[in-house]
Amino acid sequence: MEVTKKERRHVAAHGEARLPAQRPVLLHYAIARHGQDGPRLLHVPLGFGEEALVVFSSWEAGQGYCVSRRRFLSEVFSEEWYVRKSSTGELASLLLGPYKGIEWVLYDPPLGERFVAGSTQADLVSRERFIERLLD
């Protein structure tokens with residue numbers, strides 16, 4: 001049986017195995033606390049009867065937000081809050097599972113001030129649209 005050049009490309013050299021090229025994993029960050037069933041992610045009221053899950057593009061942004069609101073968070077919830085990283089797939093799973101009742105995602109909210117609906121300093125996105133962004 002003769003092996004063509006096209007077929008040789010898929011044959012590994014002696015003792016060599018190659019992994020397929022992998023796409024980099026994009027990370028997102030959320031403010032979380034430990035809960036009975038796993039981490040509980042921070043979501044905030046938006047002022048029109050709905051809530052938004054707070055998500056950050058970097059650990060530093062999440063840490064700044066957490067530090068600026070630590071006193072308020074600990075007074076209200078009495079638990080310790082921390083910055084938690086999530087892969088794109090994990091965040092999509094959370095939004096489709098335990099957080100499916102939350103209709104909005106507040107992406108990179110401003111530090112040191114309250115978010116106001118319509119603010120241009122933060123990206124307020126519907127849950128469905130944010131999931132589409134994650135999965136694209």
Inter-residue pairs, beta-carbon under 7 Å, first farther than 14 Å from E51 by Cα and in segment 92-112, second part of a helix (DSSP H, G or I) and of a type in the set (A, V, I, L, M, F, W, C), 6+ apart: A92/I131; A92/L134; A92/L135; L96/I131; D108/A61
G89 being part of a helix (DSSP H, G or I), of a type outside the set (K, R) and at pLDDT 85 or above: yes
Hits in segment 40-56 (condition: surrounded by fewer than 15 Cβ atoms within 10 Å (Cβ to Cβ) and touching a strand residue (DSSP E or B) at 6+ places or on another chain (Cβ under 7 Å)): P45, E50
Number of positions in segment 38-71 that are part of a loop (DSSP other than H, G, I, E, B), in contact (Cβ under 8 Å) with a residue 12 or more places away in the chain and either of a type in the set (G, A, S) or over 13 Å from P109 (Cα atoms) (or both): 5
Only one of L111, L19 that is in a loop (DSSP other than H, G, I, E, B), at pLDDT 65 or above and either more than 25 Å from I131 (Cβ to Cβ) or among the aromatic types (F, W, Y) (or both): L111
Residues that are at pLDDT 85 or above and among the hydrophobic types (A, V, I, L, M, F, W, C), drawn from segment 47-56: A52, L53, V54, V55, F56
Selection status of H43, modelled with pLDDT of 60 or more, in contact with a helix residue (DSSP H, G or I) (Cβ under 7 Å, 6 or more places away or on another chain) and either of a type outside the set (S, T, Y) or more than 17 Å from K85 (Cβ to Cβ) (or both): no
Checking Q36 against (1) among the polar types (S, T, N, Q); (2) surrounded by 10 or more Cβ atoms within 10 Å (Cβ to Cβ); (3) modelled with pLDDT under 85, the condition it does not meet: (2)
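The values are calculated or read from the model by the stated rules, or taken from the named source; none is laboratory data. Bear in mind that the values here come from a model prediction, so they are computed numbers and not experimental data. Every residue, glycine among them, receives a Cβ derived from its backbone with ideal geometry; neighbour counts consider all protein chains shown.
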